[in-house]
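Visitor: Encoded as structure tokens, here's the structure I'll be asking about.
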Amino acid sequence: MTEVQNAANEMQAAVEMRAAVEMRGIVKRFPGVLANDQVDFDLRVGEIHALLGENGAGKSTLMSALAGLYKPEAGSITVFGKAASFNSPRDAIAHGIGMIHQHFTLIPSQTVTENILLGLDEPRFFMRLSDYDKRMAELGERFGLKIAPQTKVWQLSVGEQQRVEILKMLYRGVRVLIMDEPTAVLAPQEIEGLIKTLRAMASEGKSIVFISHKLNEVMHVADRVTVLRQGKVTAAGLPTAETSIPELAKLMVGRSVIFSLDKKPQQPGEVMLELKDVCADNDKGLPALKNISLTVRAGEVIGVAGVAGNGQRELAEVITGLRHCTSGQVLVNGEDVANQSALAAIRKGVSHVPEDRTHVGSAPNLSITDNVIMKSYRQSPLASGWSLNYVAARKKAETLKDEYSILAPSVDTQARLLSGGNLQRAILARELSAKPKLLIAMQPTRGLDVGAIEGVQRLLLAQREAGAAILLSSEELEELFALSDRILVMYEGEIVGDLVEHDLVQIGLMMTGGKKNEERKEKREE
Amino acid sequence: MATTTAPTKSSGLPFTIKIEPRLEVPGWLSPAVSLGAIVVALLLGAVVLIAVGGDPVASYLHIAEAAFGDIGVFSDTLVMATPLIFVGLACSLAFRMKLWNIGAEGQFYMGALGASAVVLSGLVGEETPKPLVLGLMLIAGVIGGALWGFIPGWLKAKLNVNEIITTLMLNYIAIALANYFVFGVWSEGGFQMSRTFPKSAWLPRLLDYAKEVPLFRGLTTHFGLVLAVVAAVIVWYILYRSRWGYEIRLIGDNPRAAEYAGINIVRNSVLVLMTSGALAGLAGMSEIAGVVHRLQTSISPGYGFTGIIIAWLAKLNPIAVILVSVLFGGLILAGREIQPSGVPRLIQGIILFMLIASDVLMRYRIRIERR
């Protein structure tokens, strides 16, 4: 027994430094975006390797290439010493690589065992699942994944569902497990459980890639960390023992050339938007906004920094009448508009550039004309009584198409055929042409190329000069620095910082909860 | 993702088939593809006919003759097409908003019941002027159908009940309700029908003018066709030229964008289902006042369900609904004339199948490349 164990330990030591995966010079391009630019990535056997970066830095893309979802345009992948090229996730799993996505792929009405077996060739003929139930329970036991195999998936909590996903991969014999932001959906206690499981797996010689943008977690869980920024590696395989949260924050947020935007100094005018202790729930009914108070004045840009999913979307929706608040007041130009309709907000002169331009901001199968009149079709000259003046509508669309240089064959072109940048220009054209008193701009430059970004930023500054109050949410800190008069930092539904000076590291820490934890530590020490 | 190409399979063939999304859809494509689909369907039908030992050319000619051969049968085709236009419009309007109203059949019966009530309840007498009687019948038909659209609409708005189920179930309730009146309240001497309506409750027919225009002798095409065409134009105007129609199209394409634009989706769901029901109710009214002239059982051979097919074949375009209804009216008529009657129905089925399948060509371009 002990001999076997010794032998096993020796082998363990031997494989310790062995590479599980080597990716070299990976390039992956999406229309208008270079998601991965010559990325190298090394994963050793038996390690937990964090892949850190902001949203859109290319983490998921890189790992999707490893998991067989995308085929990179260039670069090579070596798995356990052999060159590999995957055509499908099934291919990757056959090579021992499995990925668990943020959105689970489980069938709610089926049991845990059935879900795990789904897509496999077993049981071959008779559905005798009791044997399999036992096997699943044993497998779970081994890795500290407690789960009742006969439970239906819909009865499970999110954390338990994640365990099923992990079991699914373990049952398929994967040696490399990629987890895409596994903690994003979990409660704090569940996170601890997950980390234990991951450690147990690593000690059995599995390699784990842990995609995250939370610095604390990365320091806590990972052995090594690779940092991506805008598709490029800024730190490769850095041992977490040799780094610190501020250093990682800097690597992740980085510094790049800031456009020389001509932002004129300006005296802000009267208060256009005021939030008083606003609380609201997200779609799942969990608190997303916790006692938010803020003011935005006319002619002022207030930037909202934060990693996506920390309440920015809910904040915009509460102001634009798309989400009810559970408490608090939303004052637009002095009048409380909380829990009224989206129409009421539009009538108050609130324009909204939504975060999700395809699913919220536009109607994909309708024409550019139909899309740009979405907010103004109720008023003259477009409306006359019951009917809609399409001659006037087309004229408006054509004017906007020229003015905002929307590239399309004609104003009859369907919105879904526009590129990301052109669609965004169409949305901006619609929202800005309403001459808003208050503009809520969510991620207005996300996914756009450099030229388009600058154009959008100039449009925003022009609105500021025209006296609009602007609330701008962006994940690009440089953009916030260039445009904002003040920056608020959101983390887990709270405003954790309100800054006038542009301190990159400071904001980076606040965005990732680093600041908050330090405060907590200090309190404990006191 | 716009550049995704999906090579089907790397088989041993000397070419690969690539399916690419279309970036530009030219205006002529839609009619061309539909026409192509019909041609392919007729060819496929011919294959089946040959397989069972028939002569496809003769069969097709016979069908064409039985439906469109002379003015007499064409008039019958138009009579058949009239209710189809109404129900096709009813479905097109609701489907535009992605409201799956499959209750046009029940709404048809409720329209017929409402219109009959005006005459049979003694609300109007023998001497009441014709325009007044018909006007009241029209209103009653609209109310009957709209009520049957309001119920599922209200249930969806208040309780989020799936309208597919409620509209389907309400069909059976409406038919049973109509039967109750036919067998019981308004039964004529115990028969399964009411008494014949007085002439003042008959929609004018072409044969009524045979004295002035001899050509019209025996033609049963009635005023309901005019109403149906007017309704089609109105629905077209609503959808493409009115603010309400814009809201309907926006909700149908992307409800989240509609909500973002400040549009009240709940209220529109109720309104659209009511309007859709009203159109189907008009079909019932026009059939009762134009053709049957009494309330009886089985006044509809499934018009409401055919309406679903017509709406899809017309790609939810109100003007195209007229053309498709005439084609379908002809095929239904030919089905009665031709033996075996299954052949026109077979062709109906194949045409529908091909048209639905051809939709893929509107969105994707298929390229065959040599290796």
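The values are calculated or read from the model by the stated rules, or taken from the named source; none is laboratory data. What you see is a predicted model; the values in this text were computed from it and never measured. As a convention, Cβ positions derive from the backbone with ideal geometry for all residues, glycine included, and neighbour counts pool all protein chains shown.
Visitor: Going through region A:324-335 one residue at a time, which ones are at negative phi and in contact with a Lys or Arg (Cβ under 9 Å, 6 or more places away or on another chain)? Walk me through how you get there before you give the answer.
Guide: Taking region A:324-335 first, the residues at negative phi are A:324-327, A:329-332, A:335.
Within region A:324-335, A:Gln329, A:Val330, A:Leu331, A:Val332, A:Glu335 meet the criteria.
Visitor: In region B:263-295, how many are polar (S, T, N, Q) and within 13 Å of B:Ala115 (Cα to Cα)? It would help to see each step written out before you state the result.
Guide: Looking only at region B:263-295, we keep the residues that are polar (S, T, N, Q), and these are B:264, B:268-269, B:275-276, B:286.
Still in the list and also within 13 Å of B:Ala115 (Cα to Cα): B:286.
Here the count works out to 1.
Visitor: Counting residues that are under 30 Å from A:Leu120 (Cβ atoms), under 24 Å from the mean Cα position of the chain (by Cα) and not polar (S, T, N, Q), which strands (runs of 3 or more DSSP E) fully inside region A:152-256 reach at least 3? Can you show your working first?
Guide: Details: elements: A:176-180, A:207-212, A:224-229, A:232-239.
Hits in region A:152-256: A:176-180, A:207-212.
This table checks each residue for (1) modelled with pLDDT of 95 or more; (2) over 20 Å from B:Met285 (Cα atoms); (3) not hydroxyl-bearing (Ser, Thr, Tyr).
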| position | (1), (2), (3) |
| --- | --- |
| B:Ile139 | yes, no, yes |
| B:Gly145 | yes, no, yes |
| B:Phe150 | yes, no, yes |
| B:Lys156 | no, yes, yes |
| B:Asn160 | no, yes, yes |
| B:Thr167 | yes, no, no |
| B:Ala201 | no, no, yes |
| B:Leu215 | no, yes, yes |
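Visitor: Quick one: would you say B:Phe68 is within 26 Å of B:Val235 (Cβ to Cβ), at pLDDT 95 or above and of a type outside the set (Asp, Glu)? Talk me through it step by step, then tell me what you get.
Guide: Details: within 26 Å of B:Val235 (Cβ to Cβ): yes; at pLDDT 95 or above: no; of a type outside the set (Asp, Glu): yes.
No, not satisfied.
Visitor: Hey, B:Leu250 hits all of (1) out of contact with any His (no Cβ under 8 Å at 6 or more places or on another chain); (2) within 14 Å of chain A (Cβ to nearest Cβ); (3) surrounded by fewer than 20 Cβ atoms within 10 Å (Cβ to Cβ) but one; which does it fall short on?
Guide: In the conditions (1) out of contact with any His (no Cβ under 8 Å at 6 or more places or on another chain); (2) within 14 Å of chain A (Cβ to nearest Cβ); (3) surrounded by fewer than 20 Cβ atoms within 10 Å (Cβ to Cβ), B:Leu250 misses (3) alone.
Visitor: Now for a different question. If we scan region B:98-112, do we find a residue that is within 14 Å of another protein chain (Cβ to nearest Cβ) and farther than 29 Å from B:Val185 by Cα? Explain how you work it out, then say what you get.
Guide: First, pick out the residues of region B:98-112 that are within 14 Å of another protein chain (Cβ to nearest Cβ): B:98.
This time we only want the ones that are farther than 29 Å from B:Val185 by Cα, so: B:98.
Taking every residue of region B:98-112 in turn, at least one turns out to be within 14 Å of another protein chain (Cβ to nearest Cβ) and farther than 29 Å from B:Val185 by Cα.
Visitor: Among the residues in region B:312-327, are any modelled with pLDDT of 85 or more, within 25 Å of B:Gly54 (Cα to Cα), surrounded by 13 or more Cβ atoms within 10 Å (Cβ to Cβ) and of a type outside the set (Asp, Glu)?
Guide: Going residue by residue through region B:312-327, those that are modelled with pLDDT of 85 or more are B:312-327.
Keeping just the survivors that are within 25 Å of B:Gly54 (Cα to Cα) gives B:327.
When the remaining residues are screened for being surrounded by 13 or more Cβ atoms within 10 Å (Cβ to Cβ), the result is B:327.
Restricting the remaining residues to those that are of a type outside the set (Asp, Glu) gives B:327.
Yes: region B:312-327 contains one or more residues that are modelled with pLDDT of 85 or more, within 25 Å of B:Gly54 (Cα to Cα), surrounded by 13 or more Cβ atoms within 10 Å (Cβ to Cβ) and of a type outside the set (Asp, Glu).
Visitor: Quickly run through region A:105-131 and pick out the residues that are in a loop (DSSP other than H, G, I, E, B) and surrounded by 17 or more Cβ atoms within 10 Å (Cβ to Cβ). Walk me through how you get there before you give the answer.
Guide: So in region A:105-131, the residues in a loop (DSSP other than H, G, I, E, B) come out as A:105-110, A:118-128.
Listed by number, the list holds a single entry, A:Leu106.
Each row is one residue, and each column tells you yes or no for (1) out of contact with any strand residue (DSSP E or B) (no Cβ under 8 Å at 6 or more places or on another chain); (2) surrounded by 22 or more Cβ atoms within 10 Å (Cβ to Cβ); (3) within 17 Å of A:Val221 (Cα to Cα).
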residue: A:Arg163; (1), (2), (3): yes, yes, no
residue: A:Tyr171; (1), (2), (3): yes, no, no
residue: A:Ile178; (1), (2), (3): no, yes, yes
residue: A:Glu181; (1), (2), (3): no, no, yes
residue: A:Ala184; (1), (2), (3): yes, no, yes
residue: A:Glu192; (1), (2), (3): yes, no, yes
residue: A:Lys196; (1), (2), (3): yes, no, yes
residue: A:Ala202; (1), (2), (3): no, no, yes
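Visitor: Hey, could you check region B:259-309 for residues that are within 14 Å of chain A (Cβ to nearest Cβ) and either closer than 16 Å to B:Ala174 by Cβ or β-branched (Val, Ile, Thr) (or both) and say which is surrounded by the fewest Cβ atoms within 10 Å (Cβ to Cβ)? Even if it seems obvious, please write down each step before you answer.
Guide: Step one: of region B:259-309, the residues within 14 Å of chain A (Cβ to nearest Cβ) are B:259-268, B:271, B:275.
Remaining after also requiring either closer than 16 Å to B:Ala174 by Cβ or β-branched (Val, Ile, Thr) (or both): B:263, B:265-266, B:275.
Working: B:Ile263: 22, B:Ile265: 15, B:Val266: 13, B:Thr275: 23.
So the residue we want is B:Val266.
Visitor: What's the number of the condition B:Trp100 fails, among (1) of a type in the set (A, V, I, L, M, F, W, C); (2) touching a residue at least 60 places away in the same chain (Cβ under 8 Å); (3) assigned to a helix (DSSP H, G or I)?
Guide: For B:Trp100, the exception is condition (3).
Visitor: Tell me the helices (runs of 4 or more DSSP H) entirely within region B:206-321 that contain at least 3 residues that are among the β-branched types (Val, Ile, Thr). First the steps, then the outcome.
Guide: On the way: elements: B:224-241, B:243-253, B:255-260, B:265-287, B:303-313.
The qualifying helices (runs of 4 or more DSSP H) are B:224-241, B:265-287, B:303-313.
Visitor: Looking only at region A:374-397, decide whether some residue is touching a residue at least 40 places away in the same chain (Cβ under 8 Å) and surrounded by fewer than 23 Cβ atoms within 10 Å (Cβ to Cβ). So that I can check it myself, show each step before the final result.
Guide: Residues of region A:374-397 that are touching a residue at least 40 places away in the same chain (Cβ under 8 Å), as a first pass: A:374-376.
Filter again for surrounded by fewer than 23 Cβ atoms within 10 Å (Cβ to Cβ), leaving A:375-376.
Looking for residues that are touching a residue at least 40 places away in the same chain (Cβ under 8 Å) and surrounded by fewer than 23 Cβ atoms within 10 Å (Cβ to Cβ), one finds at least one in region A:374-397, hence yes.
Visitor: Tell me the residue from A:Gly309, A:Gly321 that is assigned to a loop (DSSP other than H, G, I, E, B) and facing chain B (nearest Cβ under 9 Å), please. Step through it out loud before you land on a result.
Guide: Details: A:Gly309 fails: facing chain B (nearest Cβ under 9 Å).
Sole residue among the options that is assigned to a loop (DSSP other than H, G, I, E, B) and facing chain B (nearest Cβ under 9 Å): A:Gly321.
Visitor: What's the total number of residues in region B:56-87 that are within 18 Å of the chain's Cα centre (by Cα) and not small (Gly, Ala, Ser)?
Guide: Summing the residues that are within 18 Å of the chain's Cα centre (by Cα) and not small (Gly, Ala, Ser) in region B:56-87 gives 11.
Visitor: Then there's this: Only one of these conditions is not met by A:Glu431: (1) out of contact with any Pro (no Cβ under 8 Å at 6 or more places or on another chain); (2) surrounded by fewer than 22 Cβ atoms within 10 Å (Cβ to Cβ). Which number is it?
Guide: That leaves (2) as the condition not met.
Visitor: Hey, can you tell me all the residues within region A:50-84 that are within 13 Å of A:Gln38 (Cα to Cα) and either assigned to a strand (DSSP E or B) or among the aromatic types (Phe, Trp, Tyr) (or both)?
Guide: Across region A:50-84, the qualifying residues are A:Ala74, A:Gly75, A:Ser76, A:Ile77.
Visitor: A:Val332 is checked against (1) over 27 Å from the mean Cα position of the chain (by Cα); (2) facing chain B (nearest Cβ under 10 Å) and fails just one. What number does that condition carry?
Guide: Evaluating A:Val332 over (1) over 27 Å from the mean Cα position of the chain (by Cα); (2) facing chain B (nearest Cβ under 10 Å) leaves (2) as the failure.
Visitor: I'd like the residue in region A:335-361 that is more than 10 Å from chain B (Cβ to nearest Cβ) and among the small types (Gly, Ala, Ser) and, out of all such residues, is surrounded by the fewest Cβ atoms within 10 Å (Cβ to Cβ).
Guide: Residue satisfying both the conditions and the ranking: A:Gly349.
Visitor: Scan (1) at pLDDT 95 or above; (2) in contact with a strand residue (DSSP E or B) (Cβ under 6 Å, 6 or more places away or on another chain); (3) away from chain A (no Cβ under 14 Å) for the single condition B:Arg205 breaks and write down its number.
Guide: That leaves (1) as the condition not met.
Visitor: Let me ask another. Evaluate the following for B:Val39: is it surrounded by 13 or more Cβ atoms within 10 Å (Cβ to Cβ) and at pLDDT 80 or above? Reasoning before the result, please.
Guide: Values: surrounded by 13 or more Cβ atoms within 10 Å (Cβ to Cβ): no; at pLDDT 80 or above: yes.
Judged against the criteria, B:Val39 is not a match.
Visitor: Quick check on A:Ala452: is it of a type outside the set (Asp, Glu) and crowded, with 20+ Cβ neighbours inside 10 Å?
Guide: Judged against the criteria, A:Ala452 is not a match.
Visitor: Being within 30 Å of A:Pro246 (Cα to Cα) and not small (Gly, Ala, Ser), is that true of even one residue in region A:65-73? Walk me through it before giving the result.
Guide: Going through region A:65-73, the residues within 30 Å of A:Pro246 (Cα to Cα) turn out to be A:65-66.
Right, trim to not small (Gly, Ala, Ser) and you get A:66.
Within region A:65-73, one or more residues are within 30 Å of A:Pro246 (Cα to Cα) and not small (Gly, Ala, Ser).
Visitor: Can you pull out every residue in region A:419-434 that is part of a loop (DSSP other than H, G, I, E, B) and either polar (S, T, N, Q) or without any contact (Cβ under 8 Å) to a residue 40 or more places away in the chain (or both)? Spell out the reasoning first.
Guide: Restricting attention to region A:419-434, the residues satisfying the condition of being part of a loop (DSSP other than H, G, I, E, B) are A:419, A:433-434.
Residues satisfying the conditions are A:Ser419, A:Ser433.
Visitor: So which residues in region A:372-418 are within 8 Å of chain B (Cβ to nearest Cβ), within 24 Å of B:Ile234 (Cβ to Cβ) and assigned to a loop (DSSP other than H, G, I, E, B), if there are any at all?
Guide: Within region A:372-418, A:Ile373, A:Tyr377, A:Arg378, A:Trp386 qualify.
Visitor: Right, next: Before we move on, is A:Gln38 surrounded by fewer than 20 Cβ atoms within 10 Å (Cβ to Cβ) and assigned to a loop (DSSP other than H, G, I, E, B)? Full working, then the answer.
Guide: Working: surrounded by fewer than 20 Cβ atoms within 10 Å (Cβ to Cβ): yes; assigned to a loop (DSSP other than H, G, I, E, B): no.
When the stated conditions are applied, A:Gln38 does not pass them.
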